[in-house]
Structure formats: C-alpha cells, structure tokens
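The values are calculated or read from the model by the stated rules, or taken from the named source; none is laboratory data. The structure presented is a predicted model; accordingly, all values stated were derived computationally and were not measured. Counting neighbours? That spans all protein chains shown, and the Cβs are built from the backbone with ideal geometry, glycine included.
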Amino acid sequence: MERTFSILKPDATRRNLTGAINAMIEAAELRIVAQKRVLMTRAQAETFYAVHKERPFFPELVATMTAGPVVVQVLEGNDAVRKYRDVLGATDPAKAAANTVRKKYALSISENSAHGSDSPETAAIEIQQFFSGNEIVG
Ligand code: ATP
Ligand code: MG
C-alpha cells in the first residue's frame with residue numbers, strides 16, 4: 001500500500017467536477033482516505049510549488065491555484081503515485097492519453113484540473129503540508 005497526494009484544482013471545482021474526478025479515482029482502485037475543500041493562500045501555493053519558482057510560468061501557476069477553492073486529498077492503493085499519474089495523464093492536455101482526467105477535463109496546461117505527487121517521498125511532504133495524522137483514515 002502506498003499513499004499519494006492529490007489536488008482537484010480551481011478550474012475543476014468551478015465546473016463542479018469533484019464527483020466526476022473522484023469517480024475516476026475510485027474506478028482505478030484508489031481509496032480517498034482524506035479529503036477537504038480549502039482556499040489555498042498565496043503563501044501555501046508558493047510553498048507547494050516552490051520547486052518551480054524560477055520557471056516563467058510560476059506567477060501564473062500561483063494565480064491559478066489561488067483563483068478558487070481546491071479539494072486536497074490523500075489517496076491510498078497499490079502503486080498509488082504512479083497509478084494516479086496514469087489516471088491524470090500528461091501535464092499538457094493536448095498530449096494526455098484518452099480517458100485520462102486531463103484529456104477529458106483540462107482547459108489548458110495551466111488549468112489542468114488536478115495535481116498528483118511525482119514520488120512517494122514528495123507525497124509524504126505534500127500530505128504533511130495539508131493534513132494532520134488524525135485526519136487521514138484508511
Ligand atoms: P502537477 O505537479 O500539478 O501534478 P505535473 O507534475 O504534471 O503537474 P509539473 O511539471 O510538476 O507537472 O508542473 C506543475 C504545474 O505547473 C502543472 O500541473 C501546470 O499546472 C503548471 N505548468 C507546468 N508547465 C507549464 C507551462 N509550460 N505553462 C503553464 N503552466 C505550466
Ligand atoms: Mg509535478
């Protein structure tokens with residue numbers, strides 16, 4: 001069993017896609033073991049995506065992540081990190097495979113509907129940023 005961290009981004013919550021994306025998560029045999037809807041502060045978004053802070057798209061990324069509510073989640077399952085990235089598809093929806101979240105729902109490379117951790121180590125750090133241990137119930 002492995003855990004990964006997920007964010008349903010503002011473009012998804014705005015279009016009422018929380019349930020549709022959660023259905024895809026559960027169909028992939030990932031279990032939602034923690035979930036809450038929050039408004040990310042600018043500081044939270046900057047910390048969360050700090051690895052990208054020198055990239056030209058960083059200001060747009062922070063603006064996009066704070067534009068409306070997000071749903072932060074912890075997902076559990078076999079090979080959860082890789083499996084969830086497969087559910088999401090490529091960062092750029094134009095390059096995402098059929099039947100992935102980003103192919104179906106992303107508006108652009110920036111408003112790409114959801115985030116998934118890129119490694120188990122990153123997942124542990126990201127989960128800690130948003131959840132305390134007693135909020136995660138497997
Ligand atoms: P995420 O980390 O959100 O799951 P990812 O791992 O597929 O996505 P990253 O390279 O980590 O992709 O980029 C983080 C986020 O930054 C992307 O999801 C996207 O919203 C945004 N982003 C990445 N590249 C660009 C770009 N060229 N222009 C605008 N936004 C971008
Ligand atoms: Mg990433």
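Could you please tell me which pairs satisfy a Cβ distance under 6 Å, a separation of 6+ or placement on different chains, a first residue in the range 55-67 that is under 17 Å from Ala43 (Cβ atoms), and a second residue that is assigned to a loop (DSSP other than H, G, I, E, B) and within 12 Å of ligand 2 (Cβ to nearest atom)? Matching pairs, first to second residue: Leu61/Tyr49.
In the range 123-138, the residue that is farthest from ligand 2 (Cβ to nearest atom) out of those that are in contact (Cβ under 8 Å) with a residue 24 or more places away in the chain and of a type in the set (Val, Ile, Thr) is Val137. Looking across the range 117-138, just one residue is among the β-branched types (Val, Ile, Thr) and crowded, with 18+ Cβ neighbours inside 10 Å, and that is Ile127. Scanning the range 63-74 for residues that are within 13 Å of ligand 1 (Cβ to nearest atom) and within 14 Å of the chain's Cα centre (by Cα) gives Thr64, Met65, Thr66, Val70, Val72, Gln73. Within the range 18-47, the set of residues being surrounded by 14 or more Cβ atoms within 10 Å (Cβ to Cβ), touching a residue at least 24 places away in the same chain (Cβ under 8 Å) and more than 25 Å from Asn78 (Cα to Cα) comprises Met40, Gln44. Within the range 70-116, can you find the residues that are among the polar types (S, T, N, Q), more than 20 Å from Phe131 (Cβ to Cβ) and crowded, with 22+ Cβ neighbours inside 10 Å? Matches in the range 70-116: Asn112, Ser113.
Looking at this structure, is Asn78 farther than 22 Å from Arg14 by Cα and away from ligand 2 (no atom under 13 Å from the Cβ)?
Values: farther than 22 Å from Arg14 by Cα: yes; away from ligand 2 (no atom under 13 Å from the Cβ): yes.
Yes: the conditions hold for Asn78.
Each row is one residue, and each column tells you yes or no for (1) within 20 Å of Met24 (Cα to Cα); (2) in contact with a Gly (Cβ under 8 Å, 6 or more places away or on another chain); (3) modelled with pLDDT under 95.
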site	(1), (2), (3)
Val87	yes, yes, no
Thr100	yes, yes, no
Lys103	yes, yes, no
Ser110	no, no, no
Glu121	no, no, no
Gly138	yes, no, yes
